[in-house]
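Novice: Following this message is one structure expressed as C-alpha cells.
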Amino acid sequence: MAMEQMPHVGPEEAVRLAGEEGAVLLDVREQEEWDAGHAPAALHVAMSTISGRADDIPTDRLIVCVCRSGGRSAAVTEALLNGGWKAVNLEGGMQAWEAARLPVVDDRDQPGQVV
C-alpha cells in the first residue's frame, strides 16, 4: 500500500477518535523512546514485539498507530489492516503530536519529550 493511500489522521483527529470513539492510540516505538515521552493514554507495543503481542491489540476498536515520525507506524498500520484490524496511521507521529502542543509524559507520568 503506497503511503498516500495509507489511511491517516493528524494529532487533533487522533485525540478526537480516542476521546469520542474509543480508538486506541498504539505507540510502536522502542522502550527507550516510550520511556522518554509518549501520549498519556497510549498503549505501548514496540514494533519489534508486535507479532508476539498481537493478542494485546484490541480487535473491536479503531487502532491509531504512532511512532516518532510516521514511518514505522505506517508499516504497522498496513500489517494490522491486512490482519483484519481497523487501523489508521498518525501522520507525522509523536513529532507532530508534540508540535500540536498535545501532552507528552515520561515513564513516571511526568512531562516528557519525544526523542
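Novice: In the stretch 69-78, what residues are surrounded by 19 or more Cβ atoms within 10 Å (Cβ to Cβ) and in contact with a Gly (Cβ under 9 Å, 6 or more places away or on another chain)?
Specialist: The answer is G70, R72, S73.
Novice: For the stretch 67-88, enumerate the residues that are under 19 Å from L17 (Cα atoms), of a type in the set (A, V, I, L, M, F, W, C) and touching a helix residue (DSSP H, G or I) at 6+ places or on another chain (Cβ under 8 Å).
Specialist: C67, A74, V76, A87, V88
For (1) touching a residue at least 60 places away in the same chain (Cβ under 8 Å); (2) in contact with a helix residue (DSSP H, G or I) (Cβ under 6 Å, 6 or more places away or on another chain); (3) of a type in the set (D, E, K, R); (4) open to solvent by 60 Å² or more (accessible area, probe 1.4 Å), each residue gets a yes or a no:
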{"site": "P7", "(1), (2), (3), (4)": "yes, no, no, no"}
{"site": "R16", "(1), (2), (3), (4)": "no, no, yes, yes"}
{"site": "E33", "(1), (2), (3), (4)": "yes, no, yes, no"}
{"site": "A36", "(1), (2), (3), (4)": "yes, no, no, no"}
{"site": "S51", "(1), (2), (3), (4)": "no, no, no, yes"}
{"site": "C65", "(1), (2), (3), (4)": "no, yes, no, no"}
{"site": "L90", "(1), (2), (3), (4)": "yes, yes, no, no"}
{"site": "A96", "(1), (2), (3), (4)": "yes, yes, no, no"}
{"site": "V105", "(1), (2), (3), (4)": "yes, no, no, no"}
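Novice: Residue check, L81 against (1) hydrophobic (A, V, I, L, M, F, W, C); (2) in contact with a strand residue (DSSP E or B) (Cβ under 7 Å, 6 or more places away or on another chain); (3) buried (at least 19 other Cβ atoms within 10 Å of the Cβ), all met but one. Which one?
Specialist: Looking at each condition in turn, L81 falls short on (3).
Novice: Another question, then. Identify all residues within the stretch 6-20 that are in a helix (DSSP H, G or I), farther than 17 Å from E98 by Cα and among the hydrophobic types (A, V, I, L, M, F, W, C); write none if there are none.
Specialist: Looking only at the stretch 6-20, we keep the residues that are in a helix (DSSP H, G or I), and these are 11-20.
Filter once more, keeping what is farther than 17 Å from E98 by Cα: 17, 19-20.
Result: L17, single match.
Novice: Given the criteria touching a helix residue (DSSP H, G or I) at 6+ places or on another chain (Cβ under 8 Å) and either open to solvent by 70 Å² or more (accessible area, probe 1.4 Å) or not in a helix (DSSP H, G or I) (or both), does V114 qualify? Lay out the reasoning, then the answer.
Specialist: Values: touching a helix residue (DSSP H, G or I) at 6+ places or on another chain (Cβ under 8 Å): yes; either open to solvent by 70 Å² or more (accessible area, probe 1.4 Å) or not in a helix (DSSP H, G or I) (or both): yes.
Spelling it out, V114 is indeed touching a helix residue (DSSP H, G or I) at 6+ places or on another chain (Cβ under 8 Å) and either open to solvent by 70 Å² or more (accessible area, probe 1.4 Å) or not in a helix (DSSP H, G or I) (or both).
Novice: Determine which member of the set R29, R61 is part of a loop (DSSP other than H, G, I, E, B), closer than 15 Å to V115 by Cα, among the basic types (K, R) and in contact (Cβ under 8 Å) with a residue 12 or more places away in the chain. Spell out how you get there, then give the answer.
Specialist: Numbers: R61 fails: closer than 15 Å to V115 by Cα.
Result: R29 is the single residue among R29, R61 that is part of a loop (DSSP other than H, G, I, E, B), closer than 15 Å to V115 by Cα, among the basic types (K, R) and in contact (Cβ under 8 Å) with a residue 12 or more places away in the chain.
Novice: To continue, here is another question. W97 passes all but one of (1) assigned to a helix (DSSP H, G or I); (2) more than 23 Å from Q113 (Cβ to Cβ); which number fails?
Specialist: Looking at each condition in turn, W97 falls short on (2).
Novice: Restricting to the stretch 38-49, name every residue that is farther than 23 Å from N82 by Cβ, open to solvent by less than 40 Å² (accessible area, probe 1.4 Å) and of a type in the set (G, A, S). Working first, answer last.
Specialist: Step one: list which residues in the stretch 38-49 are farther than 23 Å from N82 by Cβ, which gives 38-41.
Next cut, open to solvent by less than 40 Å² (accessible area, probe 1.4 Å) only: 38-39.
Selection gives A39 alone.
The values are calculated or read from the model by the stated rules, or taken from the named source; none is laboratory data. Since we're looking at a predicted model, the values are computed, not measured. So basically every Cβ, Gly included, is an ideal-geometry build from the backbone, and we count neighbours across all protein chains shown. Accessible surface areas use protein heavy atoms only, side chains included; no ligands, DNA or RNA. Shrake-Rupley method; radii C 1.70, N 1.55, O 1.52, S 1.80 Å.
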